[in-house]
1. Only one of these is under 19 Å from residue 78 (Cβ atoms), touching a residue at least 24 places away in the same chain (Cβ under 8 Å) and in contact with a strand residue (DSSP E or B) (Cβ under 9 Å, 6 or more places away or on another chain): 462, 500. Name it.
2. Of all residues in the range 149-165, which are surrounded by 17 or more Cβ atoms within 10 Å (Cβ to Cβ) and assigned to a strand (DSSP E or B)?
3. Does residue 249 satisfy the criteria of being more than 22 Å from residue 521 (Cβ to Cβ), out of contact with any helix residue (DSSP H, G or I) (no Cβ under 7 Å at 6 or more places or on another chain), crowded, with 17+ Cβ neighbours inside 10 Å and at pLDDT 95 or above?
4. On the given criteria, is residue 203 touching a helix residue (DSSP H, G or I) at 6+ places or on another chain (Cβ under 9 Å) and outside the structural domain of residue 263 (by TED's automatic domain parsing)?
5. For the structure I just gave you, tell me whether residue 481 is buried (at least 21 other Cβ atoms within 10 Å of the Cβ), modelled with pLDDT of 95 or more and touching a helix residue (DSSP H, G or I) at 6+ places or on another chain (Cβ under 9 Å).
6. With respect to residue 306, is the statement that it is within 21 Å of residue 57 (Cβ to Cβ), out of contact with any helix residue (DSSP H, G or I) (no Cβ under 8 Å at 6 or more places or on another chain) and at pLDDT 95 or above true?
7. Give just the number: which of (1) surrounded by fewer than 18 Cβ atoms within 10 Å (Cβ to Cβ); (2) touching a residue at least 24 places away in the same chain (Cβ under 8 Å); (3) under 22 Å from the mean Cα position of the chain (by Cα) does residue 204 not satisfy?
8. Could you tell me whether residue 92 is out of contact with any helix residue (DSSP H, G or I) (no Cβ under 7 Å at 6 or more places or on another chain), over 28 Å from residue 374 (Cβ atoms) and part of a helix (DSSP H, G or I)?
């Protein structure tokens, strides 16, 4: 009877969670339908806003779980922001752009694309004003492009240099009596290091230092353009902590004024020619993008195929899953009206097998139509692997790329289960290797050699793909490989990419290769409609993930790393070392 009530209670809990998620989701649908009746119109004297507190994804979409996680119910896409900036330069109803600074979690390459679009926008002679109560370095990097940069007098601004922080789990594994064995190809391929070391290895410390210096150079050059201070002076100021308070930023001309929010509104009203009683009309990128009319050219289309997130085997969402991704590739290949393809890669890599499968399918696509690669924040390891299928590669100087190498980590939980829980294992098998791989016993030397030889073969295949794509010898590729991570700046010098350029530059190149001038852009994967989104949510773990993210906050990143290790157990990975976040 007790077991019956336990099962009954579990079923009731599951039912309540299902009803809760369904209620929130259906509420979103009703709100979406009701708002859809009122077409968004852009009134005169409107200001386009860019909020750097938001986290931008490659494609904008509705976030039906926002009410659960506390996040925005609409996720702004980089594609929406760039096009909004471009269109607002020509729109007589848009008078200028207002940038809200804060604590920015977007990648440096993403910010560089927005910065370049803003610089182009300023040629229209319309204003760009930025303001925030706080401004971290990423925010200031973008905000500094503004005609006027304002900060709250009691606020905070960062100017201290760039850093990368690695999280290492070896001590925790030791306490748990969990042992790990790492296999890798390339001395810089350090994705295993968090589980084997307590700090960065010397090779990884070196490569990350070089990477930081390249990114720092770009950052200082941007700050120099605003302050008129040379980069050497700025680097010295950062080392000395010269910019600690808002008044310091004003003194050294990092900002144009210290004001409160109401004063910024007065400044904007003056630019718009409004009275003190008038209300400023703001419009966000997603809302503004919904007003754009699309071209209906069906004869000539260019497909933009987004490869965003980690690379996995099989089917799934919120990442690059080989089977799901291939379906989109084949849809593009089957559409004779699609004359060229831009593969937009924003990925740190992942499964080596899935990377090879996607590469193969992209090569089949390239036989039918031109394929141009556009790299975002990351196009490294597996992300660079699939990029090798392109006719040409464009990247930003802030793009993280390369990391040509493979890695595998095997865990042994035998001692943990025995010493901590009193659980032991025994094996009955028909052959010596019938239970391999196995987390409940040590590996033999033969098994270790077996894994390493498998890694070596994948590494050789990876290098072969690079050699063919970049017209290099295997010896030249080996010098560039070994898991070494590069900035886009250095990758250009090493001929791992063809040229600097954003997605728009790649689209122009694709159109040129296809010999078309009038064309329509189509994006893949297609956004899910809300019904499909809800069904996918209820049938998967997105609701639980949203709740977990809400509870853990900043610690959610560590939780995700642990979950990733579990998912990758016994898999060979072509992935970046660490979760590289440059701040």
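1. Sole residue among the options that is under 19 Å from residue 78 (Cβ atoms), touching a residue at least 24 places away in the same chain (Cβ under 8 Å) and in contact with a strand residue (DSSP E or B) (Cβ under 9 Å, 6 or more places away or on another chain): 500.
2. The answer is 149, 150, 151, 152, 155, 157, 164.
3. On the way: more than 22 Å from residue 521 (Cβ to Cβ): yes; out of contact with any helix residue (DSSP H, G or I) (no Cβ under 7 Å at 6 or more places or on another chain): yes; crowded, with 17+ Cβ neighbours inside 10 Å: yes; at pLDDT 95 or above: yes.
Here the answer is yes, as residue 249 does meet what is asked.
4. Numbers: touching a helix residue (DSSP H, G or I) at 6+ places or on another chain (Cβ under 9 Å): no; outside the structural domain of residue 263 (by TED's automatic domain parsing): yes.
In short, no.
5. yes
6. yes
7. So residue 204 meets the others, but not (1).
8. Numbers: out of contact with any helix residue (DSSP H, G or I) (no Cβ under 7 Å at 6 or more places or on another chain): yes; over 28 Å from residue 374 (Cβ atoms): yes; part of a helix (DSSP H, G or I): no.
No; evaluated as a whole, the condition is false for this residue.
The values are calculated or read from the model by the stated rules, or taken from the named source; none is laboratory data. This structure is a prediction, so every number in the text was calculated from the model and none was measured. Every residue, glycine as well, gets a Cβ built from its backbone with ideal geometry; the counts of neighbours run over all protein chains shown.
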